[in-house]
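**Q** Quick one: the structure is below, and I'll ask about it shortly.
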Amino acid sequence: MNSALPIDPTSAAKLAERGLRFDLVDTSDLAVFRPWLDADSRGFHAAPFSDETAEQFMAGTADRRTSGVWDDSGADAKTPVATVNSWATPLTVPGERQIDAWAISSVTVASTHRRRGIARELLESELRSAAQQKLALAMLTVSESTIYGRFGFSPAALSADYEIDTRKARFTGVAPSGRVQFVPLEQVRAEAPAIIEANRLRTPGDIATWSHLWDRTFAISSDDKEFAKRIRAIRYDDASGTPQGFALYTLKEHEHDFSKHTARVHSLVTATDDAYAGLFAFLLELDLTTKLVLPLRSVDEPIRWQVADFRAIRATDVRDHLWVRILDVPAALAARDYFAALDLVIEVTDELGFAAGRYRLGASIERTDDEPDITLSVNELGSIYLGGVSALTLERAGRIVGHTEGAVELLDAAFRSPVTPSLSVWF
Ligand SMILES: CC(C)(COP(=O)(O)OP(=O)(O)OC[C@H]1O[C@@H](n2cnc3c(N)ncnc32)[C@H](O)[C@@H]1OP(=O)(O)O)[C@@H](O)C(=O)NCCC(=O)NCCS
């Protein structure tokens, strides 16, 4: 049970010296959880949840190690001045393999207590907790890309938003074998877990999600009743009638022209390439619609190569998404596959110490005292870990240094993943 993991004593002692109490939240007691959740919402400038949604939130995340920092001298002593939660969950790595990683979320520090080192204590305590549990890496998604590099995290899966001009984007892919159907939201929600899991296992960078996240995505647990009314669900069934994909979308009317709606695709999850083709072929042909908007997709979407006009699809925002922090180099590297035979010594630098050292990468991965072929920091190692960031590009950027000829080329060839990593959710 993640929630039973005790608070980190080092950070608790350091915060206590500053008059602050670092403690766990009882995730079965709404009277304690509710102020924590309100502090979390306030930290992200979001509206507080209704009582009903707060209860669903608590039930849906009860297993997380949920912690807060309290300033007992304040006017509202029951609301924490900082929040964080964390849990171990599988992350898919290249070769359709998985590793348990420490997911960190809800990092907030109240504006009244910012820039006094509270977040640093939270983050360092999370890394120590992960290492103590023998987890080889930690991971998070971030509000700002300037915060977490100092703790050894680095972008490992990028994401893109897309806009598709459906007047130009005629579908030219292989014709899907099955059919698309409108299905009641609750029914698709019930069928979704198998599809979500199949998609995750073939996508490096994707993590095992939790039921409450999808209840929110399907607007089943949501305070946004307007959104809940507008959301539509479609399901793709293959030729034998087995559901292999679903999409959730809403339509927005154009201000002046009823024939120019925009469809926003909140989710499109598929277990097979055939289902992917089927859902896109359908969405590209929605009547009275000229634009599809797709947030948070892979930077390497097959649909770009399945339309008549390449310029009909525009990546509107490419950015960092999943940040990885390696803690145990041999365990993390042994968990994934490689695509060229490795025989290299790497030297990893790490200001916080967890991953620092020299390692021989070969049939097995072990510590060594041999001279390194390559020097890189734990950040660069995190970035290339999922196989979506080029070691050669990082060398050109001066962030990876090769000491022997061909070493970085080999690192790059071995680490590159056949499937571009992608994470389909925020956490
Ligand atoms: C981001 C946030 C958690 C930082 O909390 P904090 O207690 O003020 O941070 P700390 O004082 O512990 O700062 C730790 C380090 O991060 C740096 N830092 C903190 N916030 C930063 C930011 N927004 N951008 C760049 N650097 C930042 C500090 O300068 C400090 O650097 P140093 O230790 O190397 O000198 C807080 O500002 C916050 O809650 N923001 C809104 C919610 C949010 O964005 N949370 C992050 C979710 S991923």
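The values are calculated or read from the model by the stated rules, or taken from the named source; none is laboratory data. What you see is a predicted model, and the numbers here were worked out from it, not measured in a lab. Because the Cβ atoms are built from the backbone with ideal geometry, glycine has one as well, and the counts that use them run over all protein chains shown. The accessibility values were calculated without ligands, DNA or RNA, using every heavy atom of the protein model including side chains. Shrake-Rupley method; radii C 1.70, N 1.55, O 1.52, S 1.80 Å.
**Q** Which condition from (1) buried (at least 21 other Cβ atoms within 10 Å of the Cβ); (2) in contact with a Pro (Cβ under 9 Å, 6 or more places away or on another chain) is the one that Thr420 breaks?
**A** Thr420 satisfies all of (1) buried (at least 21 other Cβ atoms within 10 Å of the Cβ); (2) in contact with a Pro (Cβ under 9 Å, 6 or more places away or on another chain) except (1).
**Q** Let me ask something else about it. Could you list all residues from segment 249-286 that are in a strand (DSSP E or B) and either basic (Lys, Arg) or more than 23 Å from Leu158 (Cβ to Cβ) (or both)?
**A** Quick first cut of segment 249-286, residues in a strand (DSSP E or B) only: 249-252, 261-270.
Within segment 249-286, Tyr249, Thr250, Leu251, Lys252, His261, Thr262, Ala263, Arg264 qualify.
**Q** Tell me which residues, restricted to segment 182-209, are in a helix (DSSP H, G or I) and among the acidic types (Asp, Glu). Break it down stepwise before answering.
**A** Initially, segment 182-209 is screened for residues in a helix (DSSP H, G or I), giving 185-201.
Within segment 182-209, Glu186, Glu191, Glu197 meet the criteria.
**Q** List the pairs whose first member sits in segment 209-227 and is under 21 Å from Val183 (Cβ atoms), whose second member is among the aromatic types (Phe, Trp, Tyr) and modelled with pLDDT under 95, and whose Cβ atoms are under 8 Å apart, counting only residues at least 6 apart or on separate chains?
**A** Ala219/Phe227
**Q** Another question, then. Among the residues of segment 15-23, is there at least one that is on the phi < 0 side of the Ramachandran plot, assigned to a helix (DSSP H, G or I) and buried (at least 18 other Cβ atoms within 10 Å of the Cβ)? It would help to see each step written out before you state the result.
**A** Here is the first cut: in segment 15-23, the ones on the phi < 0 side of the Ramachandran plot are 15-18, 20-23.
Imposing the further condition that a residue be assigned to a helix (DSSP H, G or I) reduces the set to 15-17.
Of the ones still in play, those that are also buried (at least 18 other Cβ atoms within 10 Å of the Cβ) are 15.
Taking every residue of segment 15-23 in turn, at least one turns out to be on the phi < 0 side of the Ramachandran plot, assigned to a helix (DSSP H, G or I) and buried (at least 18 other Cβ atoms within 10 Å of the Cβ).
**Q** Of the conditions (1) touching a residue at least 40 places away in the same chain (Cβ under 8 Å); (2) buried (at least 21 other Cβ atoms within 10 Å of the Cβ); (3) within 15 Å of the ligand (Cβ to nearest atom); (4) of a type outside the set (Ser, Thr, Tyr), Leu123 clears all except one; give me its number.
**A** (1)
**Q** Let me ask you something else. Within 14 Å of the ligand (Cβ to nearest atom) and of a type outside the set (Lys, Arg): is that true of Ser177 in this structure?
**A** Values: within 14 Å of the ligand (Cβ to nearest atom): no; of a type outside the set (Lys, Arg): yes.
When the stated conditions are applied, Ser177 does not pass them.
**Q** Separate question: Working only within segment 228-248, note down all residues that are assigned to a strand (DSSP E or B), among the aliphatic types (A, V, I, L, M) and within 17 Å of Pro295 (Cα to Cα). Before you say what the answer is, go through the steps one by one.
**A** Looking only at segment 228-248, we keep the residues that are assigned to a strand (DSSP E or B), and these are 232-237, 243-248.
If we keep only those that are among the aliphatic types (A, V, I, L, M) as well, we get 233-234, 247-248.
Within segment 228-248, Ala233, Ala247, Leu248 qualify.
**Q** Sticking with this one: Which of the numbered conditions does Ser41 fail, given that it passes all the others? Conditions: (1) within 23 Å of Ala103 (Cβ to Cβ); (2) in contact with a strand residue (DSSP E or B) (Cβ under 7 Å, 6 or more places away or on another chain); (3) not charged (D, E, K, R).
**A** So the condition that Ser41 fails would be (2).
**Q** Could you tell me whether Ile104 is closer than 24 Å to Leu322 by Cα, hydrophobic (A, V, I, L, M, F, W, C) and either at pLDDT below 95 or away from the ligand (no atom under 16 Å from the Cβ) (or both)?
**A** Values: closer than 24 Å to Leu322 by Cα: yes; hydrophobic (A, V, I, L, M, F, W, C): yes; either at pLDDT below 95 or away from the ligand (no atom under 16 Å from the Cβ) (or both): no.
In short, no.
Every residue, every condition in (1) at pLDDT below 95; (2) open to solvent by less than 20 Å² (accessible area, probe 1.4 Å); (3) within 13 Å of the ligand (Cβ to nearest atom), yes or no:
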site: Gly68; (1), (2), (3): no, yes, yes
site: Thr108; (1), (2), (3): no, yes, yes
site: Thr112; (1), (2), (3): no, no, yes
site: Ala119; (1), (2), (3): no, no, yes
site: Ala130; (1), (2), (3): no, yes, no
site: Leu137; (1), (2), (3): no, yes, no
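**Q** Out of segment 71-86, which residues are within 16 Å of the ligand (Cβ to nearest atom) and surrounded by fewer than 22 Cβ atoms within 10 Å (Cβ to Cβ)?
**A** Here is the first cut: in segment 71-86, the ones within 16 Å of the ligand (Cβ to nearest atom) are 71, 74, 79-86.
Within segment 71-86, Asp71, Gly74, Thr79 meet the criteria.
**Q** Cβ contacts < 9 Å: first residue within 13 Å of Asp224 (Cα to Cα), restricted to segment 39-62; second residue aromatic (Phe, Trp, Tyr) and modelled with pLDDT of 95 or more, any location; separation 6+ or different chain. Result?
**A** Partner pairs satisfying both residue conditions: Phe49/Phe57.
**Q** Would you be able to tell me the number of residues in segment 37-66 that are away from the ligand (no atom under 13 Å from the Cβ), in a loop (DSSP other than H, G, I, E, B) and open to solvent by 60 Å² or more (accessible area, probe 1.4 Å)? Write out each step before concluding.
**A** Going through segment 37-66, the residues away from the ligand (no atom under 13 Å from the Cβ) turn out to be 37-38, 47-66.
The next check asks that each one be in a loop (DSSP other than H, G, I, E, B); those that pass are 47-50, 61-64.
Going one step further and asking which of them are open to solvent by 60 Å² or more (accessible area, probe 1.4 Å), we end up with 47-48, 63.
The qualifying residues number 3.
**Q** A follow-up question, please. If Val142 meets every condition in (1) within 16 Å of the ligand (Cβ to nearest atom); (2) among the β-branched types (Val, Ile, Thr); (3) under 30 Å from Ala281 (Cα atoms) apart from one, which number is that one?
**A** Failed condition: (3).
**Q** Taking the conditions exactly as written (within 24 Å of Arg128 (Cβ to Cβ) and acidic (Asp, Glu)), does Asp373 satisfy them or not?
**A** On the way: within 24 Å of Arg128 (Cβ to Cβ): no; acidic (Asp, Glu): yes.
For Asp373, the condition - within 24 Å of Arg128 (Cβ to Cβ) and acidic (Asp, Glu) - is not met.
**Q** Taking Arg34 as the residue in question, decide whether it is outside any loop (DSSP other than H, G, I, E, B), under 26 Å from Asp223 (Cβ atoms), away from the ligand (no atom under 16 Å from the Cβ) and of a type in the set (Lys, Arg). Spell out the reasoning first.
**A** Details: outside any loop (DSSP other than H, G, I, E, B): yes; under 26 Å from Asp223 (Cβ atoms): yes; away from the ligand (no atom under 16 Å from the Cβ): yes; of a type in the set (Lys, Arg): yes.
Spelling it out, Arg34 is indeed outside any loop (DSSP other than H, G, I, E, B), under 26 Å from Asp223 (Cβ atoms), away from the ligand (no atom under 16 Å from the Cβ) and of a type in the set (Lys, Arg).
**Q** Residues to consider are Asp223, Asp165, Asp161, Asp206; find the one that is at pLDDT below 95 and either charged (D, E, K, R) or open to solvent by 50 Å² or more (accessible area, probe 1.4 Å) (or both). So that I can check it myself, show each step before the final result.
**A** Working: Asp165 fails: at pLDDT below 95; Asp161 fails: at pLDDT below 95; Asp206 fails: at pLDDT below 95.
The unique qualifying residue is Asp223.
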